[in-house]
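Read-outs: derived from the displayed coordinates by stated rules, not from any lab. In this text, all values refer to a predicted model and were calculated from it rather than measured experimentally. Note: ideal-geometry Cβ built from the backbone for every residue, glycine included; neighbour counts use all protein chains shown.
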Amino acid sequence: MANVVERMERAGHPPLYTLSPDEARAAYERGAGVLEVPKPQLDRVEDFAIPARDGHSLPARLYAPSRERLPVLLYFHGGGFTVGSIATHDTLCRVLSQKSGCAVVSLDYRLAPAHRFPTAHDDAWDALAWLAKQGGGELGLDVSRLAVGGDSAGGTLAAACAIQARDAGLPLALQLLIYPGTTALQDTESHRLLQDVPLLPKPMVDYFFGQYIPSHADREDWRFAPLLADDVEGVAPAWLGLAEVDPLIDEGIAYADKLRAAGVPVDLEIYRGVTHEFVKMGRAIPEALQAHADAARALADALTAP
């Protein structure tokens, strides 16, 4: 991990938080695949669209290792609600599909600052509701076995969707949360201790959330901060994969504790010595390969076990 960080620093690219949102998105796209594992080839890779509540057409991509009627994970990419796309997380979604034997649908929800809170959450929920209702007929998927997941900001969206699914009576088999954001004000001890950590320093966190949700009052909404939800009893079982050297680790652990206290089954993995974003560095970081295997196993156990 230290070697990866050193190489990034030697490359001399300006930090994303010094760029405009458009420039940051382009820079993130250029660098997203540099340390990824080779891209698995799958039987089905299909682009399609999901309608949002306001009529906007949300791009989505289906990955499946076969053309059988498979259970499905709806995946939300990370990127601080400001950067990231289907393309930046294409390899990760392929890996999860290949290793789990399940279908994965990746969503391009709308990004800040053009679309601020709660647009990303609303897009994520609209996609989940559509998939549960239409995914069987239109995509040939087994939507009776359905999971949500995501990394970083995408993990926030997945956790919030799991709460909303519980409230709507929509059964989910799993919420797959990779270093999710769960707190309102990023004031945990790990945020204080790791504010200068590479890949997600405090200026980056402030930049992303300044684009997406500049009002601190709005940050008290559980759709942004699932840790503040009044009640999480009855939400889907959770698998959480956290990075040890990540400002988000404390809030990830706190959310795991909150779920467990409410009687929700939780599997928590902490990957030692790695930073935020490590899961997309499988070419260089062995812990990323382990996280891929662990997450895929959790998916397979939740979605394909008898």
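For segment 1-84, taking the reciprocal of the average inverse distance between every pair of different Cα atoms yields a Kirkwood hydrodynamic radius of 16.1 Å. The phi-based Karplus calculation (6.51 cos²θ - 1.76 cosθ + 1.60; θ = phi - 60°) puts the 3J(HN,Hα) values of segment 141-148 at 9, 8, 7, 6, 10, 10, 9, 10 Hz, whole numbers, x for Gly and Pro.
Around residue 180, under 9 Å between beta carbons, what's the net of Lys plus Arg minus Asp minus Glu among the other residues? Provide the component values of the computation, followed by the final result.
Details: positive: none; negative: 151, 251.
Summing Lys/Arg as +1 and Asp/Glu as -1 gives -2.
Counting lysine pairs in segment 2-304 that sit 8 or more residues apart in sequence, or on different chains, and whose Cα atoms lie under 27 Å apart gives 6.
Expressed in Å, the radius of gyration and Dmax of the Cα atoms of segment 163-232 are 14.2, 42. Over the chain, dividing the summed -39,500 (n - 2.57) contributions of all DSSP H runs of at least 4 residues by the number of residues returns a 222 nm mean residue ellipticity of -12000 deg cm²/dmol.
How big is the dipole moment of the chain about its Cα centre under a simple scheme where the beta carbon of each Lys and Arg is +1, that of each Asp and Glu is -1, and everything else is neutral? Debye, nearest 20, please. Spell out each step's value before the answer.
Working: 27 positive and 41 negative charges, 154 e Å.
For the chain, the charge dipole is close to 740 debye.
Amide H contacts for residue 268 (H built 1.01 Å from N in the peptide plane; partners 5 or more residues away or on another chain; cut-off under 5 Å): 240. 3J(HN,Hα) along segment 62-75: 9, 10, 8, x, 8, 9, 6, 7, 9, x, 9, 9, 8, 10 Hz, from the Karplus curve 6.51 cos²θ - 1.76 cosθ + 1.60 with θ = phi - 60°, whole Hz, x for Gly and Pro. In segment 2-304, the ratio of gyration radius to Kirkwood radius, Rg to Rh, stands at 0.93 when only Cα atoms are counted.
Measuring spread by the Cα atoms of segment 212-306 yields a radius of gyration and Dmax of 15.1, 46 Å. Global dimensions of segment 106-241 from alpha-carbon coordinates: Rg and Dmax equal 15.4, 49 Å. Taking the DSSP beta bridges with both ends in the chain, the antiparallel portion is around 30 percent.
Karplus-derived 3J(HN,Hα) values for segment 42-55, using 6.51 cos²θ - 1.76 cosθ + 1.60 with θ = phi - 60°, are 10, 5, 10, 9, 10, 8, 8, 9, 10, x, 8, 4, 9, x Hz; glycine and proline are entered as x. Database remark: amide H of residue 50 closer than 5 angstrom to the amide H of 58, 60 (H placed geometrically; neighbours at sequence offset of 5 or more, or on other chains; Pro and chain starts carry no H).
What range in the chain is the longest one free of GluC sites (Glu not before Pro) that are in a loop by DSSP and have at most 15 other Cβ atoms within 10 angstrom?
Numbers: sites that count: 68, 233.
Counting only loop sites that pass the neighbour cut-off, the longest clear stretch is 69-232.
Remark: segment 234-279 is approximated by an ellipsoid whose semi-axes, taken from the C-alpha gyration tensor as √(5λ), come to 21, 10, 7 Å, largest first.
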